[in-house]
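Here is the structure we will look at, set down as structure tokens.
The values are calculated or read from the model by the stated rules, or taken from the named source; none is laboratory data. Because the structure is a prediction, the values reported are computed rather than measured. Every residue, glycine as well, gets a Cβ built from its backbone with ideal geometry; the counts of neighbours run over all protein chains shown.
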Amino acid sequence: MYTNVFDWEEIIVEGLAKIIIPRRELFIRPDGVYEPAWSPVFYNPLMEFNRSITVLVTTTYFNNKDFFFIEPLSGTGIRGIRLALESNGYGYINDVDPLSYYYMERNITLNNIREKLIPTINEANTFLNNFTFSGVIVDYIDIDPYGSPIPFIDSAIRPLGKNALIGITATDTGPLTCSHKQKTLRRYGVRCQKIDFGKELGLRILLYNIAFRAASNDVAVYPLISYQHKYYYRVFLKTVRSGNESYKIMDKCSGYIVYNLENLDRKFIKEPSEVIIGSNQKTLIIGPIWICSLGDSAFIKKVVNEGIKREYMSKEIIDFLEELARETDINQPYIRYDKLFGLHKKNMPSIHSFIELIRKHGYEAYRTHFDPRGIKTNAPIETLYEIISSF
Ligand SMILES: C[S@@+](CC[C@H](N)C(=O)[O-])C[C@H]1O[C@@H](n2cnc3c(N)ncnc32)[C@H](O)[C@@H]1O
């Protein structure tokens with residue numbers, strides 16, 4: 001009876017889960033697109049990609065073993081239900097909205113996983129703090145808010161166990177890519193500038209701020225996978241409870257980017273005082289940001305293998321993860337090849353042939369998921385100029 005579907009509702013299938021939601025056709029914008037924020041309970045089909053990767057990352061990280069998780073901002077419950085059905089998760093799905101609770105309850109019944117999931121109605125920070133103060137240790141926490149995750153980071157870090165995992169979504173791409181500079185400063189503590197590799201800068205601003213908040217709670221974070229997709233950022237971090245390690249990681253991985261606007265050279269530094277600016281050079285120094293690697297390519301390759309095992313995972317997801325695995329080892333912001341050629345007033349070859357030439361010079365070079373015009377390479381700017389001048 002409880003899982004009866006009313007005529008203003010529909011059942012959708014995502015991964016191995018089925019969920020009841022209000023009919024999407026009732027919440028269509030004038031441009032014909034479904035608007036999840038207008039529905040009384042939030043379900044965004046575009047985030048299936050994000051949730052599928054979450055299933056693969058948690059399965060890989062916990063090595064196909066059971067893990068205890070909290071999803072404090074759950075909406076319909078779809079993410080937590082998929083973790084229970086497709087990964088080895090058990091735990092709590094929670095939302096502050098009573099209507100979300102109503103759908104979580106029905107969707108748990110519909111998927112027959114009552115022994116694995118407990119639905120609750122609480123404010124997310126209060127809920128997470130209750131775990132901290134009652135000493136319940138959590139293996140995985142998923143923060144998937146509207147907009148910025150920053151209001152939830154401190155309370156999400158504290159209940160995590162010794163070697164735990166946290167997954168965080170950020171949809172506030174305006175401040176992260178410096179389109180709203182005042183907000184970037186207020187929310188992330190960074191004085192930034194709009195630049196041509198702004199999509200990667202946004203990820204590095206987000207990671208720095210999470211690492212800083214974690215370190216202030218004596219927790220070190222290690223990015224395993226970080227990416228930008230459509231209109232959001234997503235990061236998965238291994239967390240280790242240790243004041244000493246959290247100091248070491250902040251000391252090593254927080255710094256600044258120095259960007260020379262005249263020749264497009266960019267490099268990471270730890271202190272702004274390391275820069276000696278030439279008299280006629282236009283140089284930007286942006287930070288503090290995360291200057292270490294954005295992930296662990298060996299781990300991402302394992303996630304790819306987990307995805308390949310599952311027939312229902314789309315080729316788009318596997319291809320995307322493979323691309324991430326390739327580019328993640330190059331800890332140098334991507335460079336826009338159209339800008340490089342524009343600077344030298346040369347006709348552009350295809351991006352593939354330019355990448356091949358860089359490799360022939362003995363350097364690594366790959367396309368990047370951030371930008372179709374971007375190249376990730378460890379070649380110095382002088383080598384890139386040498387190659388361009390040969391055209
Ligand atoms: C983006 S939606 C979550 C989507 C869901 N994680 C998924 O994958 O489909 C954010 C949810 O957070 C809930 N929410 C917003 N602020 C909250 C708070 N302070 N505490 C608990 N829930 C909150 C909203 O009701 C909404 O359902």
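Could you give me the residue pairs with C-beta distances under 7 Å whose first residue belongs to the range 324-352 and is over 18 Å from Asn260 (Cβ atoms), whose second residue is surrounded by fewer than 15 Cβ atoms within 10 Å (Cβ to Cβ) and modelled with pLDDT of 95 or more wherever it lies, and which are 6+ apart or on separate chains?
As it stands, the answer is Ile330/Asn378, since those pairs meet every condition given.
Val136 - would you say it is more than 10 Å from the ligand (Cβ to nearest atom) and assigned by TED's automatic domain parsing to the domain that holds Ile210?
Taking the combined requirement at face value, the residue satisfies it.
Going through Tyr101, Tyr146 one at a time, which residue ends up being under 21 Å from Pro40 (Cβ atoms) and free of Cβ contacts under 8 Å to residues at least 24 places away in the same chain?
Checking each option against the conditions leaves just Tyr101.
Report every pair of residues separated by at least 6 positions or lying on different chains whose Cβ atoms are under 9 Å apart, first residue within the range 40-59 and within 12 Å of Arg234 (Cα to Cα), second near the ligand (Cβ under 10 Å from one of its atoms) and basic (Lys, Arg).
Correct list of pairs: Met47/Arg79; Asn50/Arg79; Arg51/Arg79; Arg51/Arg82; Thr54/Arg79; Thr54/Arg82.
Answer yes or no as to whether Ile285 is modelled with pLDDT under 95 and of a type in the set (Val, Ile, Thr).
So Ile285 fits the description; yes.
Can you tell me which residue in the range 144-174 is farthest from the chain's Cα centre (by Cα), limited to those that are among the hydroxyl-bearing types (Ser, Thr, Tyr) and within 14 Å of the ligand (Cβ to nearest atom)?
Across the range 144-174, the extreme among qualifying residues is Ser155.
Would you say Asp319 is more than 18 Å from Tyr208 (Cα to Cα) and modelled with pLDDT under 95?
no
Exactly one of (1) surrounded by fewer than 20 Cβ atoms within 10 Å (Cβ to Cβ); (2) in contact with a strand residue (DSSP E or B) (Cβ under 6 Å, 6 or more places away or on another chain); (3) hydroxyl-bearing (Ser, Thr, Tyr) is unmet by Ser74. Its number?
All conditions pass for Ser74, except number (1).
What is the one condition in (1) part of a loop (DSSP other than H, G, I, E, B); (2) over 23 Å from Gly174 (Cα atoms) that Gln193 does not satisfy?
Of (1) part of a loop (DSSP other than H, G, I, E, B); (2) over 23 Å from Gly174 (Cα atoms), only one is false for Gln193: (2).
Which one of the conditions (1) at pLDDT 95 or above; (2) more than 10 Å from the ligand (Cβ to nearest atom); (3) farther than 26 Å from Tyr233 by Cα; (4) not acidic (Asp, Glu) does Tyr103 fail to meet, given that it meets all the rest?
Condition (2) is where Tyr103 drops out.
Got a number for residues in the range 344-354 being surrounded by fewer than 15 Cβ atoms within 10 Å (Cβ to Cβ), touching a Phe, Trp or Tyr at 6+ places or on another chain (Cβ under 9 Å) and not in a loop (DSSP other than H, G, I, E, B)?
0
Looking at (1) near the ligand (Cβ under 10 Å from one of its atoms); (2) in contact with a Leu (Cβ under 6 Å, 6 or more places away or on another chain), which one does Leu16 not meet, given that it meets all the others?
The failed condition is (1).
Give me the residue from the range 261-280 that is touching a Lys or Arg at 6+ places or on another chain (Cβ under 7 Å) and closer than 18 Å to Tyr334 by Cβ and, out of that set, modelled with the lowest pLDDT.
By that ranking, first place goes to Leu261.
Please work out which residue is farthest from the chain's Cα centre (by Cα), limiting yourself to the range 26-69 and to residues that are among the polar types (S, T, N, Q) and either crowded, with 16+ Cβ neighbours inside 10 Å or within 14 Å of the ligand (Cβ to nearest atom) (or both).
Ser39
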